[in-house]
Each structure stands twice: as structure tokens, then as C-alpha cells.
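Have a look at the structure below, then the notes.
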Amino acid sequence: MNISITHATELKTKPTREEEASLGFGQRFSDHMFMMNYDNGEWHDARIVPYQRLSLDPACSVLHYAQEIFEGLKAYRTDDDRILMFRAKDNAQRLNDSARRLCMPEIDVDFNYEAMRKLVQLERDWVPHNPGTSLYLRPTMIGTEEALGVHAAKSYLYYIICAPSGAYYKAGLAPIRIRVEDKYVRAVRGGTGSAKTGGNYACSILAGAEAAKEGYSQVLWLDGEHLKYVQEVGAMNMMFLIDGKLITAPLQDTILPGITRRSVMTLAREMGIEVEERPLSVDELIAAGENGSLQEAFGTGTAAVVSPVGELAYRDKHIFIGDKSVNDGIGELTMKLYNTLTGLQWGRIEDTHGWVTDIDKD
Ligand code: PLP
Ligand code: COI
């Protein structure tokens, strides 16, 4: 399918280098977006158009029954002004996994990559320059059928928007405080936890807001059945270095299969670290914190990159991780993984895994 391009007649003001230093996450949007529609069993009208508001019928399915899925990935500017994307086809693949769970139509992975590539090529001046900044892409699919029956919509809109972004957490690369959530749950076995769908985030907002009131950045979810096993955090997978082993929750259908998680596991193994995907109970985690064997904790995610965790609160217990007097409390492995991952993403370290694509070549 051909992708048509309609150029914006008026361009927005791009962030200055000074503004790039405090971009935050997902607050400004570029001049163009990709769109295509699905009707009668096929995708059609693939187009790049000026960034615009959507006109939706108030009865359309996404607004009532939340048939919505999305992705998140980034384009990075290298020191010599090439623009790279990181594992973009993996995001396209995961979008299809989410689509199947939500009874939504899949998109050919190569075509979806081409749509992202063409859009980023057009928006290349929006890819920021400052260290730690990137152009965040948000591919999104919504059900648009105008009908109130509960069933899979017959029509859909797929679009991709771009947001020049900096650090996800306000403090940048600095240890965050996380509260282990022991009242609300995010996902249960058989539910939609492993799909990237809006409902998983909507149901998590209350817990996040209550934790934020007490000064925590996010909550660490426990399994929905027993409130016993560590799952993930609102926007990232979690890893714990305990007794020299890197432990992360196994992928079940309650956890988002993070692309950063997968990359970091590979990098850690290449660094000679033993990585275990296994159920980790909150009791084991707290005990490791109390007996000193919990050496490091960090989250992984596209927006969050590798985010050190400096405090875990569970009920009346507070576990402090890392020594604030050394590297601002960021653990050695956390820092090494952050540097290696971002080194690959910004094209400073040679990519031997085939993870990085150059939007002008690949
Ligand atoms: N878990 C959740 C709930 C997320 O929203 C994200 C972010 O995308 C992640 C984990 C990390 O996934 P990825 O590394 O693919 O960005
Ligand atoms: C991402 O890291 O891309 C995400 O989707 C996290 C988001 C929920 C802020």
C-alpha cells in the first residue's frame, strides 16, 4: 500500500536547545502524523498528514468499550546526525499481539515499520539533540464503529504521533521511590495484562495517585490472585540484583513483555551476569532488602530506559537500595546497563544484535 504525504502548511516552533534540556515526556507533538483506516476487512488510505484533532462519533466503540491498543518506541539522533530506531519491528510485532487479544486487526509488520520510518524521515528535525532526548513515537489503534453493542468493532483507525521527549521521571536518571501495592491489582491470569491496552493503565491510575500523595513515583504491582508475587511497575518491567543474580518476573499473561526488558536481559548475560526469570515473592524481596543481599533494583522501559530504584516501601517496611554517596545511589550494574543500552540506541556502541535501524538505510 502506498503512503501518501500531505505537508503541513504552517510548521510549529520546535523546542530550542535550552528547551530540549527540560522537555519532559510526551507534552509536545510534531507537525505530522500517520493515519490509516480499516473497513470491510482491510486497511486502506495510508497517509501522512498534518497533526490534527480526530473527529469521532460519540457512539464509536473505543469511547465505550475501550477497544484500544498502543505502542511506544523512540527515534534517536546520533552525534553525526543519523536517525536511528531501536527494535521498531518488535514494537510492530507486539502491537499485533495486543491486537489479537483485543480482537482488533493486525498490521503487516514490515508495512508498519515503513509507516514509522517515513514519518520519522519527514519529522527528522523534530528528533532532539540533547543527551538523553529522543523522538517518542506513539502508534495507536482504536475501534471506530458507531454502534453500542458489545462486540469487536468493524472499523478502526490506526495512527502514529511523535513527541520530542526527555526523561520520563522528573528527576532524570536518579533513584526513584516505589511503593509495593497491596490493595489494588493491575492484572489477573487470563486478563489483558500482557497487552498494551489503555484499560490496563486506566485501572492503575488510582493506585498511582495514592502512592504519589506519599511521594512515590509509581507502584510495584503484585500478582492479582495472591498479592504475593512481584509483577511490574506501571510503565516498566522490574529487575532486582540479589546475591549477584539478576531476577525478573517470568512472562505470564499478566506482565507486559517489555522490549527493553528483553534487551537488558541479553546485555546482562553478555556481561556475565546470571539472569533468572522466576517468580519472586514480595517476602523474599523484602527479606533480601533486610539482609543486605538486595544489591540493586531498576526498572526497564522505552520511556523509562533503565531507571534505578532507591527505595521500596511495603506496608510499614522501607527498603533503601544503593549507597547515596556513591554515584548518587545508582548501582554499578544499573549504570553499566544504562550506558550500554543508551550507547546502542544513540549509535555510540556498535550494534551486534541487529536491534538498531537507520531510517535512511534500513
Ligand atoms: N510494562 C508496562 C506496563 C509498560 O507500559 C511498559 C512500557 O512500554 C513496559 C513494561 C516496558 O516495555 P518496553 O520496554 O517495551 O517499553
Ligand atoms: C513506553 O515506555 O513506551 C510506555 O508506553 C510507557 C507509557 C505508559 C508512559
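No lab work stands behind these numbers, since they all come straight from the coordinates. Bear in mind that the values here come from a model prediction, so they are computed numbers and not experimental data. Here the Cβ positions follow ideal geometry from the backbone for every residue, glycine too, while neighbour counts run over all protein chains shown.
A few points about this structure:
- Were the residues from Val326 through Asn339 laid out at 0.36 nm apart, the gain over their Cα-Cα distance would be 3.0 nm.
- A Cβ-based charge dipole, computed about the Cα centre of the chain with Lys and Arg at +1 and Asp and Glu at -1, lands at about 360 debye.
- Residues Thr9 and Lys245, FRET efficiency given R0 of 51 Å [Cβ-Cβ distance, rounded to 0.05]: 0.35
- Between the beta carbons of Asp45 and Asp360, assuming R0 = 25 Å, the FRET efficiency works out to 0.45 to the nearest 0.05.
- Under 27 Å from the Cα of Lys317 - lysines, other chains or at least 8 residues apart: Lys170, Lys183, Lys213, Lys228, Lys245
- Entry note, the chain: the mean residue ellipticity at 222 nm calculated from DSSP H runs of n ≥ 4, each adding -39500 (n - 2.57), is -7000 deg cm²/dmol after division by the residues and rounding to the nearest 500.
- Dividing the C-alpha radius of gyration of the stretch 99-152 by 2.2 N^0.38 Å, with N its residue count, gives 1.60.
- Taken about its Cα centre, the stretch 280-362 carries a charge dipole of about 120 debye when Lys and Arg each add +1 at the Cβ and Asp and Glu each add -1 at the Cβ.
- Summing +1 for each Lys or Arg and -1 for each Asp or Glu among the other residues whose beta-carbon sits under 12 angstrom from that of Gln295 gives -3.
- Tensor-based shape of the stretch 142-183 (alpha-carbon gyration tensor, a/c under 1.5 rounded, otherwise prolate or oblate): oblate
- Straight Cα distances below 23 angstrom link Lys12 to the lysines Lys74, Lys118, with same-chain residues fewer than 8 positions distant left out.
- Under the simplified labelling scheme, the Asp108-Phe25 pair shows an inter-label distance of 3.4 nm, with each label point 7 Å from Cα along Cα→Cβ.
- Basic side chains Lys and Arg get +1 at the Cβ, acidic Asp and Glu get -1 at the Cβ, and with that the dipole of the stretch 80-130 about its Cα centre reaches some 200 debye.
- Taking 0.36 nm per residue of separation and subtracting the current Cα-Cα distance, fully stretching the chain between Glu214 and Gln252 would add 10.7 nm.
- Three-way shape label, the stretch 171-324, alpha-carbon gyration tensor, a/c 1.5: rounded
- Given R0 = 41 Å, the distance between the Cβ atoms of Leu54 and Lys317 translates into a calculated FRET efficiency of 0.35.
- Distance in nm between pseudo-label sites at Asp351 and Ile273 (7 Å out along the Cβ direction from Cα): 2.2
- Computed on the chain, with alpha-carbon pairs under 8 angstrom and 6+ residues apart, the relative contact order is 18 percent.
- Cα shape, the stretch 1-131, gyration tensor, a/c 1.5 rule: prolate
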